[in-house]
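Okay, so here's the structure we're looking at.
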Amino acid sequence: MKAKLILNKDFPVSEIDNRIYGSFIEHLGRAVYHGIYEPTHPTADDMGFRKDVLEMVKQLNVPIVRYPGGNFVSGYNWEDGTGPKEKRPRRTELAWHVIETNEVGIDEFQEWAKRANTEVMQAVNLGTRGSDEARNLLEYCNFPKGTYYSDMRRANGFEEPFDIKVWCLGNEMDGPWQIGAKTAEEYGRIACETAKVMKELDPSIELVACGSSNLFMPTFGKWEATVLEHTYDYVDYISLHNYYGNRDNDTKTYLGCSLDMDEFIKSVVAICDYVKAIKKSDKTINLSFDEWNVWFHSNEADKKLERWQIAPHQLEDIYNFEDALVVGCLLITLLKNSDRVKMACLAQLVNVIAPIMTENGGSAWAQTIFYPYLHASNFGRGVALAPVVKCDTYSTEKKKDIPYVETIGIMNEEKKELTVFAVNRSLEEGIDLEIDLRDFANAKLIEHIVLEHDDMKAVNSAENPNNVVPHNNGVTKISGNAAVATLNKHSWNVIRFQI
Ligand code: AHR
């Protein structure tokens, strides 16, 4: 099969906001305890953070990490996680039915973030609490000194403000499962009033209002419009969340799920712009897709979990090779929409539906999905070029017109590099992708990285961490103004050119 990609440097989608490669750590399962934090681990640093995990997070080059939830945040008292550890309360945690020891809180997490070369995206509790706790937490984190909460931070040993720039106004507040769930009117009002006091206190921050919990919520669309009608002047982003899965073991349809993500994004953009129009505003609301990933493998095991454990094995999806291809397609979709998707968080980062897994007291290893995320985050910075793609499509019973190739090119003028990400969705055939380089005379191939495996269900594990790993023996030939990249059947490809 043949396909063609035309790249024109004068037709950008957008300069990519690096925060599109964000991730997420929730107090859930073993994300924090035995994930990023394990004081008894042989690699633990002076604060109890696992250095093996820190190294892998740094490899991923994660620009921002959402914290501390997720559903967890809607019942959380942030004060519990500050001050001397021996005085911190143990609590029943009602979102995930576990015991929270509070050994880690914002004091520790912001320090972990520094050590991981990342920033914190902090969520506030608008479930059981409201604007008062949100402004107190903001004062604790960002106010220099001389007030109750800033001096509390200093007394806890943190002289310098944490200077957290991005704040989420609650989490999935439309979800019936959410502690303190709200109607769109109720949430719109509380989010507006919370945003107002937070921006009074620190006008330099950016705020994210909650969109629908996913595309299939019955109130999707109306929720976004109502929430934005209340909050438009005070917030900067609206959130999107969605998880994907191959529940019916229908791989051909599953590989096309990024088309749903694309439609979801475009619908939310339309709603943002509808509210902009009725408000006659010159401000544009952008999108924070702050929870996205594959999530379904662990659902059955989680139903059987005993309650009130500390850091149980929860939401521990073991990802296979086809999941990695889906994550690649989802990353390309985010990039194709990078004119409006300015932030996104792969949910989550360690152990909980995550690219990085750990053994308690043992090794840390990379799941299959680690690799497309690694490549996109490291090579996908710069300007996303509008992809003009010619390729065949296929249809399944559930989905029509799925292109065989999902692809985009990223131009990095500073590094003088052009990178093409491409997934071949065909389960049967290789595809010759002609890349039109007429705008990039004298482009030279740096490398063609490929993630491929004969078995779509192949996984990595602590015992066999290198079962699904990329190689850079991909075949791309340049001749004249074009390159032809061989996209092997069902493969993720990263084709890097010097320009
Ligand atoms: O990421 C896991 C959970 O998924 C989060 O806590 C919640 O926000 C979403 O439903």
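The values are calculated or read from the model by the stated rules, or taken from the named source; none is laboratory data. Note that the structure is a prediction, hence the values are computed from the model and not measured. Backbone-built Cβ (ideal geometry, glycine too); neighbour counts: all protein chains shown. These area figures cover heavy atoms from the full protein model, side chains too; ligands, DNA and RNA do not enter into them. Shrake-Rupley method; radii C 1.70, N 1.55, O 1.52, S 1.80 Å.
Before we move on, is Tyr373 in contact with a strand residue (DSSP E or B) (Cβ under 7 Å, 6 or more places away or on another chain), at pLDDT 95 or above and closer than 26 Å to Asn18 by Cα? Against the criterion (in contact with a strand residue (DSSP E or B) (Cβ under 7 Å, 6 or more places away or on another chain), at pLDDT 95 or above and closer than 26 Å to Asn18 by Cα), Tyr373 qualifies.
Just one of the listed residues (Val104, Val57, Val53, Val120) is open to solvent by less than 20 Å² (accessible area, probe 1.4 Å) and either within 16 Å of the ligand (Cβ to nearest atom) or in contact with a His (Cβ under 8 Å, 6 or more places away or on another chain) (or both), and it is Val104.
The set of residues in the stretch 252-297 that are part of a helix (DSSP H, G or I) and hydroxyl-bearing (Ser, Thr, Tyr) comprises Thr253, Tyr254, Ser258, Ser267, Tyr274.
Mind listing whichever residues of the stretch 85-101 are outside any loop (DSSP other than H, G, I, E, B), open to solvent by 40 Å² or more (accessible area, probe 1.4 Å) and within 16 Å of the ligand (Cβ to nearest atom)? Across the stretch 85-101, there are no qualifying residues. Scanning the stretch 123-161 for residues that are more than 29 Å from Asn61 (Cβ to Cβ), of a type in the set (Lys, Arg) and either open to solvent by less than 20 Å² (accessible area, probe 1.4 Å) or assigned to a helix (DSSP H, G or I) (or both) yields a count of 2. A count restricted to the stretch 1-40 and to residues that are more than 16 Å from the ligand (Cβ to nearest atom) and assigned to a loop (DSSP other than H, G, I, E, B) stands at 12.
A Cβ distance below 6 Å, combined with a sequence gap of six or more or placement on separate chains, defines the contacts here; from the stretch 41-68, residues that are touching a residue at least 12 places away in the same chain (Cβ under 8 Å) and part of a helix (DSSP H, G or I) reach residues that are open to solvent by less than 10 Å² (accessible area, probe 1.4 Å) and hydroxyl-bearing (Ser, Thr, Tyr) in the pairs Leu60/Ser377. Screening the candidates Trp177, Trp223 for the property of being among the aromatic types (Phe, Trp, Tyr) and open to solvent by less than 50 Å² (accessible area, probe 1.4 Å) yields one hit, Trp223. Criterion first (farther than 26 Å from Ile449 by Cβ and within 15 Å of the ligand (Cβ to nearest atom)) does Val294 satisfy it? Taking the combined requirement at face value, the residue does not satisfy it. Counting only residues that are charged (D, E, K, R) and in a helix (DSSP H, G or I), the stretch 298-315 holds 3 of them. It is to be established whether one or more residues within the stretch 188-203 are part of a loop (DSSP other than H, G, I, E, B) and either touching a helix residue (DSSP H, G or I) at 6+ places or on another chain (Cβ under 9 Å) or surrounded by fewer than 18 Cβ atoms within 10 Å (Cβ to Cβ) (or both). Yes, the stretch 188-203 contains a residue that is part of a loop (DSSP other than H, G, I, E, B) and either touching a helix residue (DSSP H, G or I) at 6+ places or on another chain (Cβ under 9 Å) or surrounded by fewer than 18 Cβ atoms within 10 Å (Cβ to Cβ) (or both). Among the residues of the stretch 66-84, those that are under 23 Å from Thr118 (Cβ atoms) and either open to solvent by less than 10 Å² (accessible area, probe 1.4 Å) or away from the ligand (no atom under 16 Å from the Cβ) (or both) comprise Arg66, Tyr67, Pro68, Gly69, Gly70, Phe72, Val73, Trp78, Gly81, Thr82. Could you count how many residues in the stretch 107-117 are assigned to a helix (DSSP H, G or I), open to solvent by 20 Å² or more (accessible area, probe 1.4 Å) and touching a residue at least 12 places away in the same chain (Cβ under 8 Å)? Total satisfying the criteria: 2. From the residues in the stretch 235-260 that are within 16 Å of the ligand (Cβ to nearest atom) and surrounded by fewer than 21 Cβ atoms within 10 Å (Cβ to Cβ), which one is nearest to His297 (Cα to Cα)? Result: Gly245.
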